[in-house]
Amino acid sequence: MTDASAFASQEDVLATAGSWLAEGRKVAIATVVKTWGSSPRPVGSRLVVDGEGAMVGSVSGGCIEGAVIKEAFDVMAGGAPRLLDFGVSDEQAWDVGLACGGKVEVWVERLEA
Amino acid sequence: MKAALFNDLQAARAAKAPVALVTALTDGAQALVYHDRVDGSLPEAVVAETRRRLRDNAGGVVEHGDARYFVDCHNPPLRIIVIGAVHISQTLVPMAAIAGYEVIVVDPRASFATADRFPNVRLVDDWPDEAMEALKPDSRTAVVTLTHDPKLDDPALEVALKSDAFYIACLGSRRTHARRLDRLRELGFDDATLARIHGPAGLPIGAVSPAEIALSILAELTAVLHEAPAVAKAA
């Protein structure tokens, strides 16, 4: 069941990214590429953001989305794709909102027209 | 991500073709890895590791020298098409669902394929050949025939053998299976094609009860899915 539902949820998010791009919106895609410890969303989870800040999907339980969206805006403005690193120690995790103490790497890129 | 690559990715997913999106976690260069080709430029070792991960549906970071790559697997959902709403199916269906498979039961006999006997599962009451044509088995689909009735099993097998189904198995004794192979041979299937059929279905674990038989079938198809060497080839 996990397999099918993971596929379905990915499909929705990427399909949304495609239709937003077709509408002429700026689109950035953030993807969880690695997790350590207790992370709320598994590898492959995606957050799609447009130039106005509309979003679908998620890369965490909501704790790092703010920081990811900030980087997504920069990438949509022409910045290079980048790897974001959240967590490490419990203390830092708390600072960025990963209160669970997990660690997560997120890749942020622009969907180019 | 370039729009052209994104469109290719979406097209492969829509066609239910297994594909991995590989991203270099430095400059963001990307490639698509299919089972038989690669669109983009990647070291040979990374392609091999990507294909292994695609088979096991295990995305993640692959390290190669100083470089890191993210492998994102896009596989169609795993499915089992069960031909025959019989006693063993009543055990196999819930066990397969727990193992993560989408299960479809095909049986045109209305008294067998009832929602009472098979709650929470997709029942198809078309003839097996029509049902199979519509379900389009792909490389993430297993087909298991359980009716013992050639009128029902054989038409399903004809479609399964022409598909990319990763596992095809038939319940029945060795004698029953030999007769089945004879019939399929008369229909024009060669020995290499018929060797794809696992018959009698399941690993030889001395299974007797329906649950044990279901377990042996699930174990065998799991081994085939992950290409576990001891049992990957049909007997």
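The values are calculated or read from the model by the stated rules, or taken from the named source; none is laboratory data. Computed from a predicted structure; not experimentally measured. For neighbour counting, all protein chains shown are included, and Cβ atoms are generated from backbone atoms with ideal geometry for every residue, glycine included. Each accessible area value is taken on the protein alone, full model and side chains, heavy atoms only, with ligands, DNA and RNA left out. Shrake-Rupley method; radii C 1.70, N 1.55, O 1.52, S 1.80 Å.
For an R0 of 35 angstrom, estimate the FRET efficiency from the Cβ-Cβ distance between B:Ser209 and B:Lys136 and round to the nearest 0.05.
Working: r = 33 Å, r/R0 = 0.95.
So the FRET efficiency works out to roughly 0.60.
To check you understand DSSP bridge types, tell me what percent of the beta bridges within the protein assembly as shown (both residues inside) are antiparallel, rounded to 5.
65 percent
Go through B:Arg53, B:Arg109 and list them by solvent-accessible area, largest first, probe radius 1.4 Å.
Numbers: B:Arg53 40, B:Arg109 70 Å².
Descending order: B:Arg109, B:Arg53.
Once the Cβ-Cβ distance between B:Lys162 and B:His87 is put in as r, and R0 is 22 Å, what FRET efficiency do you end up with, to the nearest 0.05?
The value I calculate is 0.15.
Return P(r) of region B:124-235 (all Cα-Cα pairs; 5 Å bins starting at 0; whole %; ordered from short to long distances).
Bins of 5 Å from zero give 2, 12, 23, 25, 22, 12, 3, 0 percent of pairs.
Quick one: if you stick a label point 7 Å off each Cα along the C-beta vector at B:Thr114 and B:Arg175, how many nm between them?
The answer from the label model is 3.3 nm.
Over chain B, what is the mean sequence separation of C-alpha contacts under 8 Å (at least six apart), divided by residue count, expressed as relative contact order in percent? Show your work: numbers first, answer last.
Details: 413 pairs, mean separation 33.0, N = 235.
Averaging sequence separation for qualifying contacts and normalising by length gives 14 percent for chain B.
Could you tell me what a quarter of the Cα convex hull surface of chain B works out to, in nm² with one decimal place?
That works out to 14.2 nm².
Over the heavy atoms of B:Trp127, what accessible area does a 1.4 Å probe trace out, to the nearest 10 Å²?
120 Å²
Using DSSP, restrict attention to beta bridges with both residues in chain B and report what percent are antiparallel, rounded to the nearest 5.
45 percent
If a/c stays under 1.5 just call it rounded; otherwise compare a/b with b/c (prolate if a/b is bigger, oblate if not). Do that for region B:159-205, with a ≥ b ≥ c from the square roots of the Cα gyration tensor eigenvalues. Present the calculation step by step, with values, prior to reporting the outcome.
Details: a/c = 2.33, a/b = 1.20, b/c = 1.94.
Oblate shape, in that a/c is at least 1.5 and b/c is the bigger or equal ratio.
Relative to a virtual label point 7 Å from the Cα of B:Asp149 in the Cα→beta-carbon direction, which members of region B:83-112 show backbone nitrogen distances below 18 Å?
Zone members listed by number: B:83-90, B:105-112.
Test of understanding: in a Gaussian network model of chain B with alpha carbons linked when under 10 Å, which of B:Arg13, B:Arg183, B:Arg37 would top the mean-square fluctuation ranking?
For chain B, modelled as a Gaussian network with Cα springs under 10 Å, the answer is B:Arg37.
If ligands, DNA and RNA are left out, what is the accessible area of A:Lys70 with a 1.4 Å probe, given in Å² to the nearest 10?
140 Å²
Using the beta-carbon distance between B:Leu123 and A:Phe73 and R0 = 51 Å, what value does 1/(1 + (r/R0)^6) give for FRET efficiency, to the nearest 0.05?
On the way: r = 49 Å, r/R0 = 0.97.
FRET efficiency, B:Leu123 to A:Phe73: 0.55.
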